[in-house]
Ligand code: NAD
């Protein structure tokens, strides 16, 4: 098949890891007889340098014509002192908003070979494989009224509004069930229904949707309990679905279970074009040294194949190849431990590509 992919290599280590991601896509292309056409686009610092804006119109136009956006990372000290709306991060938020993605998918998977990178005990985190599905476009970050207002008695009040429409809850919960169907068939829906009306609607809606998915188990958990359960017994979770703010906090907590930021991908889907990127930033402290871990970017390619291009087998082939390279003891410096074989960014990409070919 033919796929048009916009590629945003970005700032800092972005170009170094994007190169390895593309290497892997090309290898998948060869093995499965696909052709990936790459359209380079610019967001963030690299766009500021070229176009004097963090999100050029040209980028938006190009991305909207493609099947998926393969994104690296943006930002760095060079652009730190610009006003907020001119900063690289404004480009990142802008592109996510433009694409209208309402769901952020954040897997937290422990590779048993890297189990000691976590701050938690081995027996707690062994084999965890969680997918956090976070609602992205509504909830307290967007609800109105919002702002800081003067009160008549000279005091001030800061207001944010946590609101959800039923339709917004339905689409995110449905997506979580669809994902769970392809996994271990369990959805944990997060809310605070004991005190919040919007959460009660969330819970009632999740119950309604679950009737269409009789093969998937649904359970509900208050957000405070979920924060605790994630470190107490994370293996109980398969898919976690949550509103914007609860999902924001829990997805960061879940990702830290694995202890290695250079390994974790993410996807923003549900809009016109899906966006697939590592969760980490541009790592200015290691840029240009060829030591960045490319696995988060490579796993983002796997997510793009699964959730953006509907190619499950190809996605699994990448994930298995990464596992096999780790099993053989190869590590970039960020995940290195005694007795393993240290490799650089490029070599890690080569090894994963080789494992794909040999699979
Ligand atoms: P960061 O994620 O870039 O780095 C945090 C630490 O993790 C650093 O020590 C870095 O070297 C290390 N690290 C990150 N990715 C790694 C990898 N693939 N391999 C090995 N080590 C890795 O976060 P930060 O330092 O807080 O931010 C740096 C810049 O990135 C800032 O400008 C920030 O705004 C931006 N940022 C961008 C995104 C994004 O593009 N989505 C996300 C977070 C931060």
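Per-residue packing, averaged as other Cβ atoms within 10 Å, sorts the ranges 32-42, 91-101 into the order 91-101, 32-42, beginning with the highest. Can you work out the base-10 log of I(q)/I(0) for segment 133-177 at q = 0.14, 0.21, 0.23, 0.32 1/Å, using the Debye formula on its C-alpha atoms alone? Reported log10 I(q)/I(0), two decimals: -0.46, -0.71, -0.78, -1.08.
Residue order for 276, 149, 177, fewest other beta carbons within 10 angstrom first, comes to 149, 177, 276.
When each of the peptides 246-259, 6-19 is scored by how many other beta carbons lie within 10 Å of its residues on average, the order from highest to lowest is 6-19, 246-259. GNM remark for the chain: springs join alpha carbons under 10 Å apart, and the peak mean-square fluctuation among 45, 274, 143 falls on 143. Diffusion coefficient of segment 129-256 by Stokes-Einstein, Kirkwood radius over Cα pairs, 4 °C, 1.567 mPa s: 85 µm²/s. Once the convex hull of all Cα atoms in the chain is built, its volume per residue stands at 156 Å³. In terms of the mean number of neighbouring beta-carbon atoms within 10 Å, the peptides 112-120, 320-328 order highest first as 320-328, 112-120. What's the center-to-center distance, using Cα atoms, between segment 129-178 and segment 44-79 in Å? Segment 129-178 and segment 44-79 have Cα centres separated by 27 Å.
DSSP bridge analysis restricted to the chain gives an antiparallel fraction near 40%, rounded to the nearest 5.
Just so you know, all these numbers are worked out from the coordinates, no wet-lab data involved. Treat the numbers as computed from the prediction; the structure is a model and nothing was measured. No Cβ is skipped: glycine too gets one built from the backbone with ideal geometry, and neighbour counts run over all protein chains shown.
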